[in-house]
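One structure below.
The values are calculated or read from the model by the stated rules, or taken from the named source; none is laboratory data. Please read all numbers here as calculations on a predicted model, not as lab measurements. Using ideal geometry, Cβ is built from the backbone for each residue, glycine included, and neighbour counts are taken over all protein chains shown. Accessible surface areas use protein heavy atoms only, side chains included; no ligands, DNA or RNA. Shrake-Rupley method; radii C 1.70, N 1.55, O 1.52, S 1.80 Å.
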Amino acid sequence: KAGVTQTPRYLIKTRGQQVTLSCSPISGHRSVSWYQQTPGQGLQFLFEYFSETQRNKGNFPGRFSGRQFSNSRSEMNVSTLELGDSALYLCASTRDIPGASAFFGQGTRLTVV
Amino acid sequence: QQQVKQSPQSLIVQKGGISIINCAYENTAFDYFPWYQQFPGKGPALLIAIRPDVSEKKEGRFTISFNKSAKQFSLHIMDSQPGDSATYFCAASTDYKLSFGAGTTVTVRA
C-alpha cells in the first residue's frame, strides 16, 4: 500500500510570491491534515479536511489556505510568502475514525528567500 | 501555548540502555496519544500509540505508560540501538488534530 505522497519535495520561492503544495493520501484515507514544522515552533497544526470540507483549523493567518478534492487529494496554498514561512510542510492522512492513526508524508521543504 | 509538554529536550544513552521520554498534557478532551519517530530529512513515522483507557502498551522494544489521573504519559525504549538515534515526538489528538510536544533528540552511543 502506497504511503502519503507529497510534491514537490523541495521549493525555493521569493518573498511576496505564492506557492501550492500537493498531498495524495493513503488509499482509503479520507481525512487529510497539514502541519508546519520549524526549529523554533516545532510541529504546528494548519488545517484538516474531510469530504472536501475544512473541519478544523489552526492558528495561522489567512494567507494559508487549503482544499481537498473528491478523490481526497489535498493542496495547500500560501500567498504573499514571508521569510518566516520557510519550513517543512507535512501532510498526514487518517481514516475517518476517532482516534485513528495519522500517517505522514515526507514533507515539502519550502525555503523563502 | 504548547498543549503537550515534553522532556527532556535531548538525551544520550549507551547501546543496550533504556531511553525514557516524558510528556504531560492539560486538555482532558484528548482521546489518543501517539508517539512519532523522525529522522533528519524525513517525515514523522508513527511508532506506537495508546488510548486513555489503557495504562500500558508494548510493541517490541517500545512501551508507552499512561497515567490518566496525572495527565502524563511516557515512552520507554528498551535495549536502545544506534539505529534508534532520532528525534521523538509525543502527541495528543482530539477532533483529528494532533498537538505535538517539542521533541526529544535521542543519541545512542555504540
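With every protein chain in place and a 1.4 angstrom probe, the accessible-area ranking of A:ARG73, A:ARG63, largest first, reads A:ARG73, A:ARG63.
Here's how it looks for A:GLY107: its modeled amide H is under 5 Å from those of A:GLN6, A:CYS91, which are all 5 or more places away or on a different chain. Sort the protein assembly as shown into rounded, prolate or oblate with this rule: let a ≥ b ≥ c be the square roots of the eigenvalues of the Cα gyration tensor; rounded if a/c is under 1.5, and if a/c is not under 1.5, prolate when a/b is larger than b/c, oblate otherwise. Prolate, because a/c is 1.5 or more and a/b exceeds b/c. The value given for chain B is a Kirkwood hydrodynamic radius of 13.9 Å, derived from the mean inverse Cα-Cα separation.
Positive end of the dipole of the protein assembly as shown (Cβ unit charges, origin at the Cα centre): among B:PRO44, B:GLN6, A:GLN6, the Cα lying farthest that way belongs to A:GLN6. One Cα centroid belongs to the stretch A:59-102, the other to the stretch B:18-77; the line between them spans 24 Å. Applying the Karplus relation 6.51 cos²θ - 1.76 cosθ + 1.60 with θ = phi - 60° to the stretch A:74-89 yields 3J(HN,Hα) values of 9, 10, 10, 10, 10, 9, 6, 4, 10, 4, x, 7, 4, 5, 9, 9 Hz, where x marks Gly and Pro.
Enumerate by residue number the GluC sites (Glu not before Pro) in the stretch B:1-98 meeting two conditions: DSSP loop (anything except H, G, I, E, B), and at most 13 other Cβ atoms within 10 Å of the site's Cβ. Answer by residue number: B:GLU26.
Measuring from a point 7 Å past the Cα of B:ASP95 along Cα-to-C-beta, which residues in the stretch A:72-98 have an amide N at less than 16 Å? From the stretch A:72-98, the list is A:98. Coupling constants for the stretch B:49-63 follow from the phi torsions by the Karplus curve (6.51 cos²θ - 1.76 cosθ + 1.60, θ = phi - 60°), and in residue order they are 9, 9, 9, x, 8, 10, 8, 7, 9, 10, 9, x, 8, 10, 10 Hz; glycine and proline get x. Length available on full extension from A:THR53 to A:PHE69: 0.36 nm per residue minus the Cα-Cα distance, which gives 4.8 nm. Put a plus charge on the Cβ of each Lys and Arg, a minus charge on the Cβ of each Asp and Glu, and nothing anywhere else: the dipole of chain A about its Cα centre is then about 140 debye.
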